[in-house]
Amino acid sequence: MTLLSLRKFASTILLFLPLATAVQLAAQQNPAWTTPFPPFRIAGNLYYVGSEDLASYLVATPQGLILINSSFESSVPLIRKSVETLGFHFTDIKILLISHAHSDHCAGSASVIQLTGAKYFVMDGDVPVVESGGKADFQYGGSQTGRYPPAHVDRVLHDGDTVSLGGTVLTAHLTPGHTKGTTTWTMDETEFGPTGPNAEGHRTLHVVIVGSPNVNAGYKLVGNQAYPQIASDYKHGFQVLNSLPCDIFLGAHGAYFGLKEKYARWQNGDRNAFIDPVGYKSYIAERERTFEAELKRQSAGR
Ligand SMILES: [Zn+2]
């Protein structure tokens, strides 16, 4: 078969494939999305339990666990294995949060909820999307490949809301544009010095988990009838991201913050590998310039 006919064949079978298989195929486009990654402790009670690129985070408290990002349906067994490798019980997940309502971060939510009984807390702008299994998405709602099992939202979050469990508090910052409810999560981790609390070396680290500042291919920033305020939402999102104090820089994808490189340093004993305030600032600045350039290009009708 020639490459062209192979492509034709592939797109024809995509039309007839069941939904789950189509999603799996989409996942195969980026192998790093589904490549397992060793789970590890980032700081304090915050752990990495995602794949090589689809980031999931576990917050462990005396009252149970919080999971951020269920990722694809096929990711759920990987996340479960990571949670258990760390010595936690998957069924102790009490609260499920997401970075934003795209299938690579939330398609597995129905499965996580079914397995754990966790309560699902989602930012208001993303609620119709996750509850419709992706149908209400302004960009991808019309295509089958972005669909996933719908999941009921137990608590609707608004900008600035906090989520508390067992003494840990996470704050939901609305940083919209990429989706209407894209959420950047922040929390503080207290690191004790070698001799314990209130001693030398005690410090508070501001954690930022970036929701996504990216303008996807095909996004209309000008004259978008399904999302008229998209450009001003992105601008507001960048204002918020620029204002957040950040020591530990994380995000919805490992690639945002250099997971692989930083983990290699972590493995070599550098427990400060994820402390990167400078990297955070330069990442946000670069993403903002990219957004502004795209807005300028679309505004000029090019
Ligand atoms: Zn996305």
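The values are calculated or read from the model by the stated rules, or taken from the named source; none is laboratory data. Every value quoted in this text rests on a predicted model; they were computed, and no experiment measured them. Because the Cβ atoms are built from the backbone with ideal geometry, glycine has one as well, and the counts that use them run over all protein chains shown. Accessible surface areas use protein heavy atoms only, side chains included; no ligands, DNA or RNA. Shrake-Rupley method; radii C 1.70, N 1.55, O 1.52, S 1.80 Å.
The numbered conditions (1) within 16 Å of the ligand (Cβ to nearest atom); (2) of a type in the set (S, T, N, Q); (3) not in a helix (DSSP H, G or I) are all true for T290 except (3). For S70, the requirement of being in contact (Cβ under 8 Å) with a residue 60 or more places away in the chain, in contact with a strand residue (DSSP E or B) (Cβ under 8 Å, 6 or more places away or on another chain), within 16 Å of the ligand (Cβ to nearest atom) and not in a helix (DSSP H, G or I) is not met.
Annotation note: of P213, P150, the sole residue that is surrounded by fewer than 20 Cβ atoms within 10 Å (Cβ to Cβ), outside any strand (DSSP E or B) and not basic (K, R) is P150.
The set of residues in segment 121-133 being under 17 Å from the mean Cα position of the chain (by Cα), away from the ligand (no atom under 16 Å from the Cβ) and either among the acidic types (D, E) or assigned to a loop (DSSP other than H, G, I, E, B) (or both) consists of D124 alone.
Residues of segment 224-247 that are of a type in the set (D, E) and within 23 Å of G279 (Cβ to Cβ): D247 alone.
From the list A101, A118, A107, A136, which residue is free of Cβ contacts under 8 Å to residues at least 12 places away in the same chain and either within 16 Å of the ligand (Cβ to nearest atom) or crowded, with 22+ Cβ neighbours inside 10 Å (or both)?
So the residue among A101, A118, A107, A136 that is free of Cβ contacts under 8 Å to residues at least 12 places away in the same chain and either within 16 Å of the ligand (Cβ to nearest atom) or crowded, with 22+ Cβ neighbours inside 10 Å (or both) is A136.
Go through the residues of segment 34-44 one by one and say whether even a single one is modelled with pLDDT of 95 or more, open to solvent by less than 60 Å² (accessible area, probe 1.4 Å) and at positive phi. There is no residue in segment 34-44 that is modelled with pLDDT of 95 or more, open to solvent by less than 60 Å² (accessible area, probe 1.4 Å) and at positive phi. In segment 35-63, the residues that are touching a residue at least 12 places away in the same chain (Cβ under 8 Å) and under 16 Å from S75 (Cα atoms) reach residues that are part of a loop (DSSP other than H, G, I, E, B) and acidic (D, E) with C-beta atoms within less than 6 angstrom, at least six apart or across chains, in these pairs: T35/E52; F37/E52. Among the residues of segment 177-185, are any free of Cβ contacts under 8 Å to residues at least 40 places away in the same chain, in a loop (DSSP other than H, G, I, E, B) and either more than 16 Å from the chain's Cα centre (by Cα) or within 16 Å of the ligand (Cβ to nearest atom) (or both)? There is no residue in segment 177-185 that is free of Cβ contacts under 8 Å to residues at least 40 places away in the same chain, in a loop (DSSP other than H, G, I, E, B) and either more than 16 Å from the chain's Cα centre (by Cα) or within 16 Å of the ligand (Cβ to nearest atom) (or both). Considering only segment 258-286, state which residues are in a helix (DSSP H, G or I) and of a type in the set (V, I, T). V278, I284, listed by residue number. Looking across segment 183-210 at every residue that is at pLDDT 95 or above and open to solvent by 20 Å² or more (accessible area, probe 1.4 Å), the one that is farthest from G301 (Cα to Cα) is identified as D188.
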